[in-house]
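Here's the structure we're looking at; comments come further down.
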Amino acid sequence: MPELYGQTLSRRDLAARSGSLGQFAGVRLVELTDGVERGIRMLEFRSGTGLRFTVLVDRAMDIADCEYRGQAIGWHSPAGFRHPGLHEYEGEGGLAWARSFSGLMVTCGLDHILFMNEVPADNYVYSPKKSVSHSLHGRVGTIPARLTGYGERWDGDRCFLWAEGVVQQSAVFGEDLHLIRRIEIEVGSDDIVLSDRVVNHGFYRTPHMYCYHINVSYPLLDEGARYLAPIEDVVWAAHAGADYRKQGVGYRTAPPPQLNFHEQVWQHELAADAQGQVSVALVNDRIGLGFEVVTRKDQFPCLYEWQNFQAGQYALGIEPSTHHVLGNLAARERGEMIWLEHGDERRYDTVMRILPDAAAISAAETRIRAVSGQPQDDYPEPSGNHRPIAGRSA
């Protein structure tokens, strides 16, 4: 039974207190009608605890807004939640992706992540197509979904809010990959449950890479906010070397917004718990609020920490990934590319959790520390040890 407003309530109790569950919690479909967002279908979820988040149906069913009791969790960039019809995938040398980059969660893939690459296309058996040119973080994040359903599901006295859709990334003489996404939250809880399947519907042997760009911002991200993770090794930092300490920002603690800040990206090797799960959190002790991301090590063996502390764009990203930061060509050369034959699929199971108070923050920190500590040095020397990722042949 859900716990709402300090009471444990049955389905009958809830019905007695209102003519509609929507008074307390629910999911509804709306449409944005102004500016660059005009025409985007959006699902609004409210779990009854003060957690509200929105899902952009026409942008891969990614999560846009996220707030808890009036406090923002998710990042709103200056780009806004831009309609996919305005997006130019090939623009700006492959960097136009940044003109559609905003929200709590942006999906990257389905056949490419990370920076621009020109890769062989011989697997598509079409002689005029010698190569595929990939822009930053792939195509999927600006593809509209086919919404297959949404609503509420009762299991006895428990109620679950859900939505499901299919995002199809396809081309003639190219990939035919489908993302089947289900988002669910139990009424009375603070856990957003994301269940993804990526399926090859085509008959070409097709590469697959996948990453979530999960972005948090003010007030959760603020001066003194702490990054918690079971870090076994700091593998890589984009700014390592002579510039490692130049900006005065390490991996552990956030500064206030900066002028002329250049993004910093780290790759950490993280330890999993006994169930194979990896937990990472950003916590703000001053306001007693945190946000935790839980993934599976066998699904996302890699994780990046993205720091964009530039004034006006202030964000921190938690990025679980199927591949090392080395990129598409390196994944092929190292034998770590995921190749999907017809009907093959990969599953991804993720929980994004609000930590609503100091007690929840303490419990999460205890869980994470029990798996592994993390370096106390703000600037640990990167090892350069990108461990082999096994078991990738389809």
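Listed from fewest to most Cβ neighbours within 10 Å, the set Tyr251, Tyr89 follows the order Tyr89, Tyr251. Assuming a ≥ b ≥ c are the square roots of the Cα gyration tensor eigenvalues, decide whether region 211-279 counts as rounded (a/c under 1.5), prolate (otherwise, with a/b larger than b/c) or oblate. Judged from the Cα gyration tensor, region 211-279 comes out oblate (a/c at least 1.5, b/c at or above a/b).
Once fully extended, how much extra length lies between Glu88 and Arg334, figured as 0.36 nm per residue of separation less the alpha-carbon to alpha-carbon distance?
Length gained, Glu88 through Arg334: 85.4 nm.
In plain terms, the chain from Arg245 to Gln310 could stretch by 21.8 nm, reckoned as 0.36 nm per residue minus the Cα-Cα distance.
Applying 1/(1 + (r/R0)^6) with R0 = 22 Å to the Cβ-Cβ distance of Asn260 and Gln376 gives a FRET efficiency near 0.15. Region 328-347 and region 137-180 have Cα centres spaced 22 Å apart. In the chain, helices alone account for a calculated mean residue ellipticity at 222 nm of -2000 deg cm²/dmol, with every DSSP H run of four or more residues adding -39,500 (n - 2.57).
Before anything else, pin down the relative contact order of region 36-155: Cα pairs under 8 Å, at least 6 apart, normalised by residue count, whole percent.
24
Residues with beta-carbon under 11 Å from that of Glu175, excluding Glu175: net charge, scoring Lys, Arg +1 and Asp, Glu -1?
Net of charged neighbours comes to 0.
What FRET efficiency, computed as 1/(1 + (r/R0)^6) with R0 = 51 Å and r the Cβ-Cβ distance, is obtained for Lys129 and Arg182, rounded to the nearest 0.05? Approximately 0.95, to the nearest 0.05. From the residues Leu316, Cys66, Gly188, which one has its Cα farthest along the dipole of region 3-371 in the positive direction, the dipole being from +1 and -1 charges on Cβ of Lys/Arg and Asp/Glu about the Cα centre? Among Leu316, Cys66, Gly188, the one farthest towards the positive end of the dipole of region 3-371 is Gly188. Could you pull out which residues in region 152-182 have an amide N less than 14 Å from a spot 7 Å beyond the Cα of Asp13, following the Cα-Cβ vector? Those under the cut-off are 157-159.
What ranking do Phe53, Phe173, Phe309 get, fewest neighbouring Cβ atoms within 10 angstrom at the top?
By the 10 Å Cβ count, ascending: Phe173, Phe309, Phe53.
Neighbour counts of other C-beta atoms within 10 Å: give me Glu184, Glu336, Glu92 arranged from fewest to most.
Final ranking by Cβ density, sparse to dense: Glu92, Glu184, Glu336.
Placing unit charges on the Cβ atoms only, positive for Lys and Arg and negative for Asp and Glu, gives the chain a dipole magnitude near 500 debye about its Cα centre.
Note on Leu29 and Ala171: the model spin-label points, each 7 Å out from Cα along the C-beta direction, lie 3.0 nm apart.
Each label was represented as a point 7 Å from its Cα along the Cα-to-Cβ direction; for Arg347 and Glu223 these points are 4.7 nm apart. Scanning the chain for cysteines with no neighbouring cysteine C-beta under 4.7 angstrom from their C-beta gives Cys66, Cys159, Cys302.
What shape does the chain have by the C-alpha gyration tensor, where a ≥ b ≥ c are the square roots of the eigenvalues, rounded means a/c under 1.5, and otherwise prolate means a/b greater than b/c and oblate the rest? Oblate, since a/c reaches 1.5 and b/c is not below a/b.
FYI, it's all coordinate maths here, none of it is from the lab. Just so we're clear, the structure is a prediction, and the values are computed from it rather than from any experiment. Here the Cβ is made from the backbone with ideal geometry for all residues, glycine too, and neighbour counts use every protein chain on show.
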